[in-house]
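Participant: Before we start, here is the structure in question, set down as structure tokens.
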Amino acid sequence: MSSALDGKPAASPVRQEFYRRLREKNAAPLWEVLSDLVTPQPKPRCVPALWKYEDMRPLLMESGGLISAREAERRVLILENPGLPGLSQITQSLYAGLQLVLPGETAPTHRHAPSALRFVIESDAGFTAVDGEKTTMRPGDFIVTPSWTYHDHGNAGAGSVIWLDVLDLPIINLLDAGFSEHHPQGTQPLNGSAGDAPAFSYPFASSRARLDRMRRNGAAHPCHGFKMPFVNPATGAWPLPAIATFLQLLPQGFAGAAHRSTDSTVFCVVEGQGRTRIGETTFSWKQHDLFVAPSWMPVAHASETDAVLFSASDRALQQTLGIWREEAPLASA
């Protein structure tokens with residue numbers, strides 16, 4: 001006889017009548033849902049998905065003619081996972097979107113409970129300010145906005161500024177812990193001039209140089225190539241408490257072994273082109289494309305040129321909870 005973990009116990013009229021009486025008391029039998037609640041392995045609702053930048057950028061620019069940054073609060077196109085329609089989520093734990101700031105614009109100053117990261121795609125004179133400290137935004141820079149810090153963004157240049165936003169918004173909403181507010185002065189006062197590398201900014205030039213040093217000094221990982229985590233230099237911990245972030249270099253011709261992990265992961269292509277197999281789906285990608293790999297689904301990267309990938313996931317939170325798991329490389333690969 002199978003257990004409830006293998007499926008629902010057999011139904012009978014007596015049991016159904018008992019369940020009806022339970023529902024009247026706002027109760028339910030665990031054995032009817034145990035196999036859905038306690039699963040043998042992850043069953044993510046999100047699915048592999050790819051957003052081609054050449055498709056998304058024209059739509060983002062079109063939005064610039066429809067609504068101002070001030071009117072919209074944040075002019076963003078949400079990257080919505082096809083498996084999670086209408087939920088404004090790229091994975092079951094993360095929100096992601098592409099944000100646009102046009103020349104001369106400054107987005108209003110606000111703060112909120114969710115933590116956020118910005119990974120810059122296009123910028124020649126963009127900037128962001130966090131709790132009064134301002135930093136420039138250059139392509140490939142990674143910038144964090146910790147929970148409940150005032151922040152705003154602007155564009156002092158002639159070209160568009162575009163970046164990837166990733167927030168732990170679904171986690172905050174799951175906990176019913178969401179708060180937000182505008183700055184009482186509308187725009188926060190600044191402590192001084194823009195710095196090149198304040199504590200919340202990770203310039204791409206430094207990160208890329210570190211990848212090159214890793215390449216010179218060691219062998220590539222069979223699954224990940226040369227992969228570095230971002231860390232808070234003051235604590236050695238992840239830059240954000242729920243979101244782990246990485247930059248990895250896949251050398252030209254790299255054919256990675258398959259791996260899988262419990263953190264659903266958002267990828268942004270910084271340099272180069274290649275392809276990634278996620279489960280039974282293979283995506284071809286190039287610079288600025290974005291894609292997502294769901295939890296516990298086999299992932300294998302291959303590069304046609306030297307390629308650099310930025311990635312973000314909820315690994316930081318999973319590791320804090322002691323539940324993160326990885327198989328790399330997969331035993332069957």
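Participant: Which shape class applies to segment 47-165: rounded if a/c is under 1.5, otherwise prolate when a/b exceeds b/c and oblate if not, where a ≥ b ≥ c are the square roots of the Cα gyration tensor eigenvalues? It would help to have the intermediate numbers written out before the result.
Facilitator: Working: a/c = 1.67, a/b = 1.24, b/c = 1.35.
Oblate is the answer for segment 47-165, as a/c is 1.5 or above yet b/c matches or exceeds a/b.
Participant: Decide, for segment 165-250, between rounded, prolate and oblate: order the square roots of the alpha carbon gyration tensor eigenvalues as a ≥ b ≥ c, take rounded if a/c falls under 1.5, and otherwise choose prolate if a/b is larger than b/c, else oblate. If you can, show how the numbers build up before the last one.
Facilitator: Values: a/c = 3.28, a/b = 1.58, b/c = 2.08.
Taking the square roots of the gyration eigenvalues as a ≥ b ≥ c, segment 165-250 is oblate.
Participant: Relative contact order (percent) for segment 49-202, with alpha-carbon contacts under 8 angstrom and 6 or more residues of separation? It would help to have the intermediate numbers written out before the result.
Facilitator: Numbers: 359 pairs, mean separation 40.3, N = 154.
In percent, rounded to a whole number, it is 26.
Participant: For LYS8 paired with SER68, estimate the spin-label separation in nm (one decimal), with each label point 7 Å from Cα along the Cα-to-Cβ line.
Facilitator: The answer from the label model is 5.5 nm.
Participant: Hey, can you grab everything whose amide H is under 5 Å from the amide H of GLY140? Only 5+ residues off in sequence or another chain; H modelled, so Pro and N-termini drop out.
Facilitator: VAL120, ILE121
Participant: Once the other residues with Cβ under 14 Å from the Cβ of ARG315 are scored (Lys, Arg +1; Asp, Glu -1), what is the net sum? Mind dumping the intermediate values first?
Facilitator: On the way: positive: LYS227, ARG260, ARG325; negative: ASP168, ASP263, ASP314, GLU326.
Net local charge, ARG315 excluded: -1.
Participant: Please check: in the Gaussian network model of the chain (C-alpha springs, under 10 Å), which one of ALA293, ALA209, ALA156 has the largest mean-square fluctuation.
Facilitator: ALA209
Participant: Given the rule -39500 (n - 2.57) for each run of at least 4 DSSP H residues, summed and divided by the residues of the chain, what is its mean residue ellipticity at 222 nm, to the nearest 500 deg cm²/dmol?
Facilitator: Values: 7 runs with 59 residues, N = 333.
The helix-only estimate for the chain comes to -5000 deg cm²/dmol at 222 nm.
Participant: Rounded, prolate or oblate: which one fits segment 205-327, using the alpha carbon gyration tensor with axes a ≥ b ≥ c (rounded when a/c is under 1.5, else prolate when a/b beats b/c, else oblate)? Kindly include the intermediate steps, with their values, before the conclusion.
Facilitator: Working: a/c = 1.70, a/b = 1.14, b/c = 1.49.
Oblate is the answer for segment 205-327, as a/c is 1.5 or above yet b/c matches or exceeds a/b.
Values quoted throughout were computed directly from the atomic coordinates according to the rules given, and no laboratory measurement underlies them. Being a predicted model, the structure only gives us computed values, none of them experimental. Because the Cβ atoms are built from the backbone with ideal geometry, glycine has one as well, and the counts that use them run over all protein chains shown.
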